[in-house]
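What follows is one structure encoded as structure tokens, with my remarks underneath.
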Amino acid sequence: MNNRTLVKHLAALPDGPVTVAGWVETVRDQKKVQFVILRDESGAVQLVNPATRELDPESADAASADAFAVTEEISALAHGSFISVTGQLKHDERVKLGGLEVKIASLAVVAEADPETPIAADSSLDKRMDWRFLDLRHPKQNLIFRIQTTFLHALRTYWVERDFVEIHTPKLMASASESRAELFEVGYFDGTAYLAQSPQFFKQMAQPAGFGKVFEVGPAFRADPSFTSRHATEFTSIDAEMSWVDSHEDVMQMHEELLVAGITAVKEKHGAEIAELFGIELEVPTLPFPRIPLAEAKQIVADRGYVIPRTDEDMDPEGERQISAHVKETYGHDFVFVTDYASSIRPFYHMRHEGDPSLTNSYDLIYNGVEISTGAQREHRIDLLVEQAKEKGLDPEELEFYLDFFRYGVPPHGGFGMGLARVLMLMLEEHSIRETTYLFRGPTRLLP
Ligand code: AMO
């Protein structure tokens, strides 16, 4: 390992010699003094060099020759080059950036950057995506993925402490897992395979397999041609499934506790940085989250003056914004479970209400106006499951491998799927999941 000190650790060190390494963010090359702002993955620090502009070769001693060389090197530094600097750390309250600076003794350009940086602060989102590795170097963008790490770690901790088993289900499948629309087909030797749209069938399989409770964080693929701010063709899906639920209510309780655990951890670790870089005071939601049946939610939205088009029985994006606004005004809450969706707009595997098969034991979770999750109790009774599949126009023979799970003793169970980038987008009040996805994939984006 090299001996460089991360910028974030400098504050705790006494004045003295240090080595730091990172990218050149700015250079202020003044007549008598030069300042370089150097950024590494942990923060930024000011480097300073008393400029030695002229060298008299006759009288030059080794020390002044070195000082002259450093001055020349700094004058030639390109923005974005990666440099390593050894110098004297000095704590000085007058330095705005962190109250310290490093006086340069020697400097090495480790990797030079092209002089023209292809993106600037005002570049379009699309251009920034073209140069995503440079875009991500910015502290705000970089922070998103540190938040993601903290969030996922808290989710995993929540689950592991409650005996959930982590699974990794295959992403190459022989059939569709959600709907035949939005399905990517790939050549598979002499046949065809499909990219998994969700771990749905396989997380359910863990129930008759005796796992009890499972979770997965993994890729999901949807051949969705739309160009919205919330859809990607590949996204990270956070899934959970658990045995012995009485209804979707049990799933919602786990789901809301999980989100509180995740957001609490993010606030504790990054609250100050989020306030500084995003201008947001992150709120930890209170428990329980409000629950509103879909029919009632539609009525509330209609009473607010927005009528969801009749052709669309689901909440549409404006309906989601309206119900969220209502919940915020009425309960001061950022989340709402919209429950009891009509079976006509839910997949065949959702359990229907006992006594009213037109409704399902299901929910969508809406966060600050956008759906982040779908959850449900599953139908575990094979006869009803086959009937519901047929009703949806599915061929039970094609689903034989899945239906077999239900022929050998499957406990009542339920779970949810949640899009990671959507949660982060709404948490940080960003406008597109392109911002909260490490490398976005959409209908016209397969690069970088
Ligand atoms: P659903 O299809 O609603 O449900 O997906 C669950 C959640 O995944 C995210 N999501 C997406 N994110 C980005 N781009 C997309 N194209 C995209 N599609 C979905 C959303 C959505 O709420 N198997 C069920 C879940 C379950 O019942 O357990 C399912 O996949 O945040």
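Where a number appears in this text, it was derived from the coordinates with a stated rule and is not lab data. All figures in this text were calculated on a predicted structure; none of them were measured in a lab. Positions of Cβ are generated from backbone atoms using ideal geometry, with glycine treated the same way; all protein chains shown enter the neighbour counts.
Laid out as a table, the results:
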read-out: Within the range 60-100, GluC sites (Glu not before Pro) in DSSP loop having at most 10 other beta-carbon neighbours inside 10 Å; value: 93
read-out: Those lysines that a straight Cα-Cα span of less than 28 Å connects to residue 103, excepting residues fewer than 8 apart in one chain; value: 8, 31, 32, 90, 140
read-out: In degrees, nearest ten, helix 62-75 long axis to first principal axis of the chain (Cα); value: 40
read-out: Spatially proximal lysines relative to residue 171 (Cα-Cα < 18 Å; intrachain offsets below 8 disregarded); value: 203
read-out: Contour excess over end-to-end distance, with Cα ends at residue 111 and residue 93 and 0.36 nm allotted per residue; value: 3.3 nm
read-out: Per-pair calculated FRET efficiency, R0 = 41 Å: residue 273 and residue 344 via Cβ, rounded to 0.05; value: 0.35
read-out: Neighbour-count ranking [beta-carbon atoms within 10 angstrom, fewest first] of 444, 71; value: 444, 71
read-out: Fraction of antiparallel bridges per DSSP, the chain only, in percent to nearest 5; value: 90
read-out: Prolate/oblate/rounded call for the chain, Cα gyration tensor, a/c under 1.5 rounded; value: prolate
read-out: Cβ-defined net charge surrounding residue 167, 12 Å radius [Lys, Arg +1; Asp, Glu -1]; value: -2
read-out: Simple label model, 7 Å out from Cα along Cβ direction - residue 408 to residue 175, nm; value: 1.6
read-out: Peptides ranked, highest mean first, by Cβ atoms within 10 Å: ranges 50-58, 134-142; value: 134-142, 50-58
read-out: Total charge dipole magnitude, the range 220-375, about the Cα centre, Cβ charges on Lys, Arg, Asp, Glu only, Debye to nearest 20; value: 280
read-out: Over the chain: helical MRE at 222 nm, DSSP H runs n ≥ 4 each giving -39500 (n - 2.57), nearest 500; value: -9500 deg cm²/dmol
read-out: Fewest-first ranking of 159, 131, using other Cβ atoms within 10 Å as the exposure measure; value: 131, 159
read-out: Computed FRET value (nearest 0.05) for residue 126 with residue 42, which takes r as the C-beta separation and R₀ as 30 Å; value: 0.55
read-out: Nearest 10 degrees, 0 to 90: helix 382-391 Cα axis against the chain principal axis; value: 80
read-out: Calculated FRET value between residue 244 and residue 281, using beta carbons and R₀ = 56 Å, to 0.05; value: 0.90
read-out: Potential extension, residue 146-residue 189 segment - 0.36 nm per residue separation minus Cα distance; value: 11.5 nm
read-out: Amide proton proximity set for residue 165, modelled H, under 5 Å, gap of 5+; value: 213, 214, 215
read-out: Dipole of the chain [Lys/Arg +1, Asp/Glu -1 at C-beta], most positive-end residue of 108, 317, 307; value: 108
read-out: Pairwise label distance in nanometres, residue 19 with residue 381, each label 7 Å out on the Cα-Cβ vector; value: 7.1
read-out: Rounded tilt (10° steps) of 139-161 against the dominant C-alpha axis of the chain; value: 50
read-out: Whole-Hz ³J(HN,Hα) from phi, Karplus 6.51 cos²θ - 1.76 cosθ + 1.60, for the range 324-335, glycine and proline x; value: 5, 4, 4, 5, 5, 5, 7, 10, x, 10, 8, 10
read-out: Dipole in debye (nearest 20) - the chain, about Cα centre, beta carbon charges: Lys, Arg +1; Asp, Glu -1; value: 620
read-out: Spatially proximal lysines relative to residue 298 (Cα-Cα < 22 Å; intrachain offsets below 8 disregarded); value: 328
